[in-house]
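Contents: one structure, followed by commentary.
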4 protein chains.
Amino acid sequence: MPKTIKKIAVLTSGGDSPGMNAAIRSVVRTCAYHNIECVGVYRGYEGLIEGDFKQMDARSVKGIINKGGTILKSARSNGFRTEEGRKKAFQNLVDAEVDALVVVGGDGSFTGALIFNQEFGFPVMGIPGTIDNDIFGTSHTLGFDTALNTVVEAIDKIRDTASSHNRLFFIEVMGRDVGHIALNAGIAGGAEEILIPEEDLGLERLVDSLNRSRKSGKSSSIVIVAEGDKIGKNIFELKDYVDENMEGYDVRVSVLGHMQRGGAPSCFDRVLASRMGVKAVESLLNGQTNYMVGLLNGKMELTPLDNAIKGKTKINLELLRVSDIMST
Amino acid sequence: MPKTIKKIAVLTSGGDSPGMNAAIRSVVRTCAYHNIECVGVYRGYEGLIEGDFKQMDARSVKGIINKGGTILKSARSNGFRTEEGRKKAFQNLVDAEVDALVVVGGDGSFTGALIFNQEFGFPVMGIPGTIDNDIFGTSHTLGFDTALNTVVEAIDKIRDTASSHNRLFFIEVMGRDVGHIALNAGIAGGAEEILIPEEDLGLERLVDSLNRSRKSGKSSSIVIVAEGDKIGKNIFELKDYVDENMEGYDVRVSVLGHMQRGGAPSCFDRVLASRMGVKAVESLLNGQTNYMVGLLNGKMELTPLDNAIKGKTKINLELLRVSDIMST
Amino acid sequence: MPKTIKKIAVLTSGGDSPGMNAAIRSVVRTCAYHNIECVGVYRGYEGLIEGDFKQMDARSVKGIINKGGTILKSARSNGFRTEEGRKKAFQNLVDAEVDALVVVGGDGSFTGALIFNQEFGFPVMGIPGTIDNDIFGTSHTLGFDTALNTVVEAIDKIRDTASSHNRLFFIEVMGRDVGHIALNAGIAGGAEEILIPEEDLGLERLVDSLNRSRKSGKSSSIVIVAEGDKIGKNIFELKDYVDENMEGYDVRVSVLGHMQRGGAPSCFDRVLASRMGVKAVESLLNGQTNYMVGLLNGKMELTPLDNAIKGKTKINLELLRVSDIMST
Amino acid sequence: MPKTIKKIAVLTSGGDSPGMNAAIRSVVRTCAYHNIECVGVYRGYEGLIEGDFKQMDARSVKGIINKGGTILKSARSNGFRTEEGRKKAFQNLVDAEVDALVVVGGDGSFTGALIFNQEFGFPVMGIPGTIDNDIFGTSHTLGFDTALNTVVEAIDKIRDTASSHNRLFFIEVMGRDVGHIALNAGIAGGAEEILIPEEDLGLERLVDSLNRSRKSGKSSSIVIVAEGDKIGKNIFELKDYVDENMEGYDVRVSVLGHMQRGGAPSCFDRVLASRMGVKAVESLLNGQTNYMVGLLNGKMELTPLDNAIKGKTKINLELLRVSDIMST
C-alpha cells in the first residue's frame, strides 16, 4: 500500500514554455485545497540535488498565472545523470519529508523522472511543458498554443513589409524534430509553403511551387521553415539556392528565435495548465505514479511516462492538405 | 442523384466572430482548388434576397485571414423569415447558377438554412461562427478561442489596477445562455468567482466566498459574470448588493462589451476556419447536404444541422471544479 | 543650507497608471547609483501615516519595468487630509531617517505633497503619473501613451464588428475634465466624431455630422465620448437621442472602463518613467524641492508643484482640426 | 506666382514603416476636404515612371489607418536615378494633370524628390516615414514609435526565457547608422548594456560591465545591439568573444529582423501620420515646396528638404546616462 502523501514537490525542467507558471500555481493551490504541503524546487533537477527548496502556499503563487517563463527557473543538470546526483536528490526529498514529485517539462525531463522512480520508488507525475507539442499522450503540450500565437503575430508583421515590397520571406520557427509549430502557424500565417522535418519536399518542388504561386498573381510570398526541415539545408542556404534559381524575387530571411518561448500564456494554455496541475496532484493523492497528465479528446487523461517518452506524435496529414489547398 | 456542383455561394450571418474572414477565404480557395466557381453573398440572407452577390477567386480573399469581422458583412434579415423572401433568394441563386450554399453563423442562421433546404431542396452546409461556443457538434466554434484571449487580456489589465487599489471588480463577459467564455476566461484570468447561466450560485454564497478569499489574504478580487448569469441580477445590481453586504471592499464594474467580437483571430481560429472551409466545400462536392462541419476530438466531422440546432452544449463540470480549486 | 540627502522615500498615490512601476524602479536604482538609501512606502499617503515602509535596493525592483499597476499600491487617504495624519507621517519619515520624498501621482497627490512641505519643510518632488495627461508642466504624463494604445486597440476591435454590421458605436473613454485621451485615440481609431469636455458640440451638430458621414458612403461609424463630455448627457442618453433622431442606424454603446488603467507600459512610458525617476532623485540631491519633473520639448524640466497643480493643460486645437479633416 | 494646385499625387518610397498607410489616408482625405483631387502612385518612383497611378477619394482609404505596410507599395527605383526615368515620371504627372507630389519615405527618397524639383520645378513635399528616426527636422519619424513597441515586446518575451535559464542574450535591433531604436528599446526592455553605432564601448568594457552586473546579483542579462554598432563585430562574433572571455554564462543570440517594420501602428504614429498628411497637403496648397513636415517641440513644422537630408540626428546623451544608471 502506498504511503499517504502529505507533501508534494514541484519543479520545472528543460526549455521553459509559457504556462509553466500557471502549472506551478495549479499544483500549489491544489495541494492547499487538499490540505497537503507543497515545496517548489529551484532550477529543476539541479535544485533537487542541491536541496534548493522553498515552501509554497496558495499566496506564494499569486499573480503568476499570466507570466511567461518559470518562477522556479529551469536548468540542465549533468549531476542528475549520475547515480550519485540522484541519490543526493532522493536524500534531500526524504529529509524535507516530501512524498511525491511533479515534473513539468519535456521528454528529457520525464526520462529523468522515470529513472528516479525506478531507482528509489519515489512517486512521480509528469506535466508536459514544451512549446514543441512533441509529447505522446496529449494533444497539446503547455505553451504550444501560446507559441503559435507568437509566431503568427510575427508572420503578420513580416507580411506587412513583404507585401509592401513584393518580397519572398523565409521564416524559421522552432521545431527540430517535429513540424507542429511550422504547420499550424504556416496555415494561420497564410504561408505559401511550409517546410517541416517530417516531409522532404525537395528544392525543385519548392521552386516550382513558388513560381506557380507567382504566376497566379501573388506578389509576395512567405515560406515557413521548421528548424529541422528535411531539405537538409539551413535557412540561409535555402535563400542562396532560391536567389540563384528564381528570378525577380527579393529574398529575405527571418529567424524568429527565442521569443517563441516567452510571453504571457494564452487563455488556452492557462486553462490547460490549471487542469493539468489539478490532475497531477490528485492522481498522486490517488496513489498513481509514473504517469504524465495529458489532454486527450478534451479530457484529462493519464499516460504511462514510459509511453509518453517513447511514443511519437505524428503530424496531422489533414493539415498538410489544408495548407496545400489554402496556397492555391 | 444530386446535381454536380459547379458553383458555391458563401455568406456570413448573425453576430460576427473572429475567423469568419478566414472561413470565407478557405471556402473560396477550396472552390478554386477544385476548379469550381464561388460567389460571396453580402449581408447574409438579406443579400441573398437582394441578389447582392460577388464573384470571388483565390486572389479576392488575399490578406483577410488575419482580419476580424467579415468582408461579406452580416445582418439580420426579416425578409428571410417570410416565404416570399426565401423564394426571391432561391430565384437569385438559380439565376446566378449557384448549386450550393455555405452559411457561416450561429444556430439562428442554421435554422434559416435548414428551412431553405426543406423548401427548395437547395444543398446547404453550415460552419459554426460565433464567439459563444454554444453550438452542438463542435468542441469549438469559430471565434471562441480569440474571444477568450481578448477577454483574458482585458482581465489582466483590470487586475493591474484592482491589485494596486485592493478593489473588487465585477467583469461582465458575453454569454447570454452559456457560460463557456466566463468559465474559461475566469480560470485563465485568475478570477475568484465565476457566475454563469448554468449555475445558480446564490448571492449569499458569493458573499461568503468573497469574504473567505479575503480572509485567506487576498487583497483584491475579480468576479467574472456572464451576461445571462442565473442570480437574476444585472452586474450593477450585483455591485449594489455587495456594497451593502460586504465591508471594506471598493467595488467596481466593467462591462467588456462588443470588443469581445473583434480583433485578429488567434492561430487556433485561423487553422480551424481553414479546416472547416475545406470540409464544408468538399462535403458539398461529395453530395452531402444539411450538415454542419465541426471539430470533434480533433477531427473534422459532420453533424446534421437539425442536431446542431437542437442539441445543447454543456458546461464542462471539470472546469467548474478547477475554478473552485484555483481560487483556494 | 539644505540637509544632505542620504535616504529617499517613494510612494504612488491616486489612480494607478502604467509606468508607475517603471518610475519606482528608476527612483530606486538612481538612489543605488548615487549610493543613497531608498524606502518604498505602501498605499500612498496612507502607508506614510501607518509607517508601512520597505527598504529597497536595486534588486528589489527587478522585473517590474513591464508590469502595469504599482507594486507599492495606491490608496486614497482621508488621514492625510488631517493635520494629525500628516504629523504622524512626518514623524514616521523622521524615525526612518528619510530625508526626502518622491510622490508619483496626479494633482491631488501633488497638493498633498505641497501642504506637507509647507507644514514641515520636508523636501518633496513630484512625478506625474496619471493616464489623463491633465498635469501642467509636462507634455506627457506617465501612462497616457499606454492608455492611448489600449483604447485604440479596443476601438480597432469594435470597428471590426461595427463595419460588419453597419452599426454606429458610441465608445466612452476616460477623461472627466480633459479630452486628451478621446481626441488622440479618436483620431487614431478613425472616429467620425469625438466628444470632449472642452467643446460643446451640441446634439444637432452630432446628428448632422453623422448623417453627412452616412451620405458620403460610410456604412458604420464610431463616436468617441470622453466621460466628461460637454453635451451633458451620459453615453446611454446619447444613444437614446440618436435612436430617436436618426434613421437606419443600429446604435450600440461600449464603455471601456478600468482596463484603460492597466497593461504593460509602452516603450514611451517606460523610457519616460526611467528619465523622470533619475531627474526626480538627482534634483532632490541637488537641493531642489517642491517641483514636479516633466517632459517639455523633449527634455526633462522642473515645474514648481504649485504651477503644476494650478496650471491647466489645454487641448491641442490642431488635433481637433485634424480630426474634422480626417472624418471627411 | 505658383500655379494653383488642383491635384496632388502621393507615393511611398524606401523601406516601409508602420504609419505609412495612415499618412496616405491623411493626404487623400485632406485633399478631399479641400476639394482637390488626389492620385496614389504605386511602388514609389518606379510607379511614377511607369504611370502606375490610381485616382483616390476619401472612401479609397477606408480601413487602412491601422494597417502596417503601405497599400501603395514601395520599391527601389534604379530608373529614377537616370535623367530619362525622371523625364518620364514628369511627363506622366503632367499627363495626369498632377500639380504636386507628396513623398513618404526616408532621406534617399527625399534626395530623389529634391533632384526632381530642381530639374522640373515640380512642387514636392516630404513626410518622414522610416522606423530608424534618422531624419533631421523631426523628433519622431513615422513608424519609430511602433517599432520601439514591437522591439520591447520581443525583449519582454526573450527576458522570460532568459531569466528562467540564467542566460545572457544578445538581441540585434535595426539601426545601421543610428542607435535610436537600440537606446530607447534597451532602456524600456531593461537591458544591461546597449551597443550603438554612435559609441565605441569596447569589448573589454562590455565584459567588465557584464561581470559587474552578475556580481550585483543579476542572474540573466540582455544586451541590445544595433545593427551598425561600433565594436565592429557582428552579433555572432560578439557571442563568440563573450563565450571565450566570460565564465558561467550561457550566451544566446536573437536577431529581431524584419518584423520590426510591420504591425499595426501605435496611437502615436497614427496621430502623427494624420497630422503630417494635413500639414503636407496644406503647405503645398499654400505654395510651399521642397520641405519636409516634421514634429518639433510638439508642433508641425517645415524643414527644407535639403536640411532634412544633410542634417544629422544626434543620439540623446541623457538617455545613454539613464541607461547606465538603470543597469545599476
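The values are calculated or read from the model by the stated rules, or taken from the named source; none is laboratory data. All figures in this text were calculated on a predicted structure; none of them were measured in a lab. When we count neighbours, we look across all protein chains shown, and the Cβ atoms used for this are built from the backbone with ideal geometry, even at glycine. For accessibility, only protein heavy atoms count, side chains too; no ligands or nucleic acids. Shrake-Rupley method; radii C 1.70, N 1.55, O 1.52, S 1.80 Å.
Structure data summary
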item	result
Lys, Arg +1 and Asp, Glu -1 on Cβ, resulting dipole of the stretch B:145-261 about Cα centre, debye, nearest 20	320
Residues with amide H under 5 Å from that of C:ARG252, placed H, sequence gap 5 or more	C:LEU168, C:PHE169, C:PHE170
Kirkwood estimate for the protein assembly as shown, i.e. one over the average of 1/r between Cα atoms, Å	32.0
Under-5 Å amide H pairs with D:ILE8, H placed in peptide plane, nonlocal only	D:GLU37, D:CYS38, D:VAL39, D:ASP99
Bridge type composition, chain A - antiparallel percent by DSSP, nearest 5	25
In degrees, nearest ten, helix C:203-215 long axis to first principal axis of chain C (Cα)	60
Free-standing Cys, chain D [no other Cys Cβ under 4.7 Å]	D:CYS267
Residue-by-residue Karplus 3J(HN,Hα) for the stretch C:133-145, coefficients 6.51, -1.76, 1.60, Hz, glycine and proline x	6, 10, 10, 6, x, 8, 6, 9, 8, 5, x, 4, 4
Karplus-derived 3J(HN,Hα), 6.51/-1.76/1.60, for each residue of the stretch C:191-201, Hz, glycine and proline x	5, 7, 9, 9, 9, 10, x, 6, 10, 9, 6
Residues of the stretch C:73-215: accessible area per residue with a 1.4 Å probe, Å²	33
Percent of Cα pairs exceeding the 28 Å cut-off, where the set is chain B	44
The stretch D:145-261 - convex hull of the alpha-carbon atoms, volume per residue in Å³	87
Dipole magnitude of the stretch D:22-157, debye to nearest 20 (Cβ charges: Lys/Arg +1, Asp/Glu -1, about Cα centre)	380
Accessible area, probe 1.4 Å, largest first, for residues C:PHE169, D:PHE236, B:PHE90	D:PHE236, B:PHE90, C:PHE169
Backbone HN-Hα couplings from phi across the stretch C:248-263 [Karplus 6.51/-1.76/1.60, Hz, Gly and Pro as x]	x, 9, 9, 9, 10, 10, 9, 9, 5, x, 5, 4, 5, 8, x, x
The stretch B:193-328 - Kirkwood radius from inverse mean 1/r over Cα pairs (Å)	18.6
14 Å Cα-Cα reach of B:LYS312 towards aspartates and glutamates, excluding residues that sit fewer than 8 places from it in its own chain	B:ASP107, B:ASP132, B:ASP134, B:ASP177, B:GLU198
Quotient of C-alpha Rg and 2.2 N^0.38 Å, computed over the stretch D:130-190	1.22
Candidates per GluC sites (Glu not before Pro) in the stretch D:163-256, loop by DSSP, up to 13 other Cβ within 10 Å	D:GLU247
Surface accessible to a 1.4 Å probe, B:TYR45 within the full protein complex, Å²	10
Low-density loop cleavage sites - GluC sites (Glu not before Pro) in the stretch A:73-154, where at most 13 other Cβ are within 10 Å (DSSP)	A:GLU97
Total charge dipole magnitude, the stretch D:6-74, about the Cα centre, Cβ charges on Lys, Arg, Asp, Glu only, Debye to nearest 20	280
Ellipsoid semi-axes in whole angstrom, largest first, where each is sqrt(5λ) of the Cα gyration tensor of the stretch C:1-116	21, 18, 11
Accessible carbon and sulfur surface of the stretch A:145-261 relative to its total accessible area, %, 1.4 Å	40
Centre separation in Å (Cα based) which lies between the stretch C:1-79 and the stretch A:28-80	29
Over 23 Å between alpha carbons, listed pairs A:LYS6/A:LYS299; D:LYS6/D:LYS310; C:LYS215/C:LYS239; B:LYS218/C:LYS157	A:LYS6/A:LYS299; D:LYS6/D:LYS310; B:LYS218/C:LYS157
Pseudo-label separations to other copies for C:ASP177 - Cα-to-Cβ vector, 7 Å, nm	4.7, 4.9, 6.4
Total accessible area lost when B and C pair, probe 1.4 Å, Å² to nearest 100	2400
On Cα atoms only, tilt of B:235-245 relative to the major axis of chain B in degrees	10
Candidate aspartates and glutamates for bridging to C:LYS3, where Cα separation is under 18 Å - those fewer than 8 sequence places away on the same chain excluded	C:GLU37, C:ASP95, C:GLU97, C:ASP99, C:GLU119, C:GLU282
MRE, 222 nm, helices only [DSSP H, n ≥ 4, -39500 (n - 2.57), over chain A, to nearest 500]	-13000 deg cm²/dmol
Inter-copy label distances at C:SER219 (7 Å, Cα→Cβ; nm, one decimal)	2.4, 5.1, 5.5
Using a 7 Å Cα-to-Cβ projection, C:ASP324 label spacings across copies, nm, ascending	5.0, 6.1, 6.2
Accessible area (Å², 1.4 Å probe, nearest 10) - B:ASP306	60
Closest approach to the axis - chain C beta-carbon, rotation onto D, Å	C:ASN297, 2
Residue with peak Gaussian network fluctuation, chain A [Cα springs, cutoff 10 Å], from A:ALA182, A:ALA32, A:ALA264	A:ALA32
Residues in the stretch C:18-36 occluded by at least 40 Å² - accessible area, probe radius 1.4 Å, against chain by itself	C:ARG25, C:ARG29, C:TYR33
Centre separation in Å (Cα based) which lies between the stretch D:209-230 and the stretch C:249-328	31
Which of C:ASP240, C:ASP156 is most accessible, then next, and so on - probe 1.4 Å	C:ASP240, C:ASP156
Qualifying trypsin sites (Lys or Arg not before Pro) for the stretch D:1-49 [loop in DSSP, other Cβ within 10 Å: at most 10]	D:LYS3
Largest-first ordering by accessible area, 1.4 Å probe, given options D:LYS310, B:LYS239	D:LYS310, B:LYS239
